[in-house]
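S.K.: I have a structure here, written as structure tokens, and I will follow up with some questions on it.
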Amino acid sequence: MSTLTLTPPLVSKAPNMGTTIFTVMSALATEHKAVNLGQGFPDFPCDPQLLDLVNDAMREGLNQYPPMIGAPPLREAVSKKIAALYDRHYDPLSEITVTAGATQAILTIVLAIVHPGDEVIVLEPCYDSYVPNIELAGGVVVRVPLTPGSFRPDFDKIRAAISPKTRAILINSPHNPSGMIWSKQDMLTLQDILAPTNIVLISDEVYEHMVYAPNQHWSAAHFDGLAARAFIVSSFGKTYHVTGWKIGTVAAPAAYTAEFRKVHQFNVFTVNTPMQHALARFMASPAPYLELPAFYQRKRDLFRQGLAQTQFKLLPSEGTYFQCVDISTLKVPEKNLSEADFCKWLTTDIGVAAIPLSAFYGNGFDQKVIRFCFAKKDETLLSALEKLKRL
């Protein structure tokens, strides 16, 4: 005689956490055979030399666990790159860690430093993993809006958000989703604000090599007062067109790195070995990342020129591979659509997928702005532009 076995119920740790907007819009784009300018990944291949280097590493037998902190050649290559670009030395042994992408890096940082009840300031709109990371660590999210329209940091509001419970502030430049970059003065102002505090800076710099003339990327590593309190996150996936490899790095002072690695060893332990060695060898030439701004600026300009022939109002795109547009004045058959509903309509009826900026705000703030990704083949962008002209 069998008895009915019931699965014990779980009390969700994340009752308000749903499927990301990127997954939703990509699925909708696939269903309707739309041009997917929503999710931020290239549709063109990486450099074949990089693939050859991975193959070489595998055939050389570099297929077992590397050191938990990352393969030495890659950490050394990253250290040299940071020194060359930002004039700061990070010790490869004690201050640089290889991670399974930037998203894992940020979660690991938060788990390592945030205690239950600690407050963490995030600047909205922000990448959608930040808030769940903080909440899973038991932290309290303190949301500070960037200035609508320009997406510049509002330092008066940042100052007002700081309390005795503030453990960290998370910034992102170049900024996803807006494409805004923090200026040198912005970074200096943040340095002055944080100077009398013990607040940790988490600096998400995954788009560091996508900054367009005449702008410059000002890494937290540039500034003594910020570097001394910062975890700096970078991404090989964004830089080398291999987002699916999920490999990133964290550079931080030795004391911070020690705490980071305590968590890293138990939630990831280590990262794909042959790809680490391939990336280290590929980094022997700085040309791929030094030439990246011009590569993407040409695509940005191509896309902007096409969008200028539509009803969209273009917002600035100083960095990243994203272009935001204002839809408030568009004349479309469906009236008064929210950003999210407009993006769904754009996907199903026009054949181009985009992302609503409201998805990057905790309260769903709707300012009638949507985001396109232009990290695509020229023919993909031209196909999308031809469809968007129907508006």
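S.K.: Place +1 on the Cβ of every Lys and Arg and -1 on the Cβ of every Asp and Glu in segment 48-284, take the dipole about the Cα centre, and give the residue among 117, 215, 178 whose Cα lies farthest towards its positive end.
M.R.: My answer, from the dipole projection, is 117.
S.K.: I've got another one for you. Taking a cut-off of 18 Å between Cα atoms, list the lysines near residue 238, but don't count ones fewer than 8 places away on the same chain.
M.R.: The reachable lysines, counting only those whose Cα sits under 18 Å from residue 238, are 81, 246, 299, 376, 377.
S.K.: Okay, next question. Give, rounded to the nearest 20 debye, the magnitude of the charge dipole that segment 222-355 has about its Cα centre when Lys and Arg contribute +1 at Cβ and Asp and Glu contribute -1 at Cβ.
M.R.: 240 debye
S.K.: For segment 251-298, build the convex hull from the C-alpha positions and give me its volume per residue in Å³. Display every interim value, and only then the final one.
M.R.: On the way: hull volume 6.3 nm³, N = 48.
Per-residue hull volume (Cα only) is 131 Å³.
S.K.: Can you divide the C-alpha Rg of the chain by 2.2 N^0.38 Å and report the result to two decimal places?
M.R.: Output field value: 1.01.
S.K.: If the cut-off is a Cα-Cα distance under 20 Å, which lysines reach residue 335, setting aside same-chain residues fewer than 8 apart in sequence?
M.R.: 313, 344, 368, 387, 389
S.K.: May I pose another question? Hey, got the dipole for segment 299-339? About the Cα centre, +1 on K and R Cβ, -1 on D and E Cβ, debye to the nearest 20? Please report the intermediate quantities before stating the final value.
M.R.: On the way: 6 positive and 5 negative charges, 26 e Å.
Charge dipole, segment 299-339, about its Cα centre: 120 debye, nearest 20.
S.K.: Sort the following peptides by mean Cβ neighbour count (other Cβ atoms within 10 Å, averaged over residues), highest first: 144-150, 97-103, 241-247.
M.R.: Per-residue mean Cβ counts within 10 Å order the peptides as 97-103, 241-247, 144-150.
S.K.: If you don't mind, there's one more thing I want to ask. For segment 48-284, build the charge dipole from Cβ charges (+1 Lys, Arg; -1 Asp, Glu) around the Cα centre, then report which of 54, 274, 64 sits farthest towards its positive end.
M.R.: Towards the positive end, the residue furthest out is 64.
S.K.: For residue 353, list long-range residues whose amide hydrogen, built 1.01 Å from N in the peptide plane, is under 5 Å from its own amide hydrogen.
M.R.: When sequence neighbours closer than 5 places are left aside, the close amide H contacts are 35, 36, 37, 38.
S.K.: While we're on this one: Arrange the following residues from fewest to most other Cβ atoms within 10 Å of their Cβ: 217, 175.
M.R.: Numbers: 217 20, 175 25.
The fewest-first ordering by Cβ neighbours comes to 217, 175.
S.K.: At a 10 angstrom cut-off on C-beta neighbours, averaged per residue, how do the peptides 308-315, 233-240 rank from highest to lowest?
M.R.: On the way: 308-315: 15.1, 233-240: 24.1.
Most protected by this proxy first, the peptides run 233-240, 308-315.
S.K.: Would you list the P(r) distribution for segment 28-115, with all Cα-Cα distances sorted into 5 Å bins from 0 and each bin expressed as a whole %?
M.R.: 3, 10, 11, 15, 18, 17, 12, 8, 5, 1
S.K.: In addition: Taking the Cα centre as origin and putting +1 on Lys and Arg beta-carbons and -1 on Asp and Glu beta-carbons, what dipole magnitude results for the chain, to the nearest 20 debye? The partial results should precede the final answer.
M.R.: Details: 35 positive and 36 negative charges, 87 e Å.
The calculation lands at about 420 debye.
S.K.: Hey, another quick one. For segment 48-284, what's the relative contact order in percent, using C-alpha pairs closer than 8 Å and at least 6 residues apart?
M.R.: Averaging sequence separation for qualifying contacts and normalising by length gives 31 percent for segment 48-284.
S.K.: Next up: If the cut-off is 16 Å between C-alpha atoms, which aspartates and glutamates fall inside it for residue 13, apart from same-chain ones fewer than 8 positions away?
M.R.: The qualifying aspartates and glutamates are 135.
S.K.: Per the Kirkwood definition applied to all pairs of different Cα atoms, how many angstroms is the hydrodynamic radius of segment 88-200? Write out the running numbers ahead of the final one.
M.R.: Working: mean 1/r = 0.0666 Å⁻¹.
Final number for the Kirkwood radius of segment 88-200 is 15.0 Å.
S.K.: Please list 180-186, 63-69 highest first by mean number of surrounding beta-carbon atoms within 10 Å per residue.
M.R.: Listed from highest to lowest mean packing, they are 180-186, 63-69.
Here, each number is a calculation from the coordinates, and none is a lab measurement. From a predicted model like this one, the values you see are computed outputs, not experimental measurements. Every residue, glycine as well, gets a Cβ built from its backbone with ideal geometry; the counts of neighbours run over all protein chains shown.
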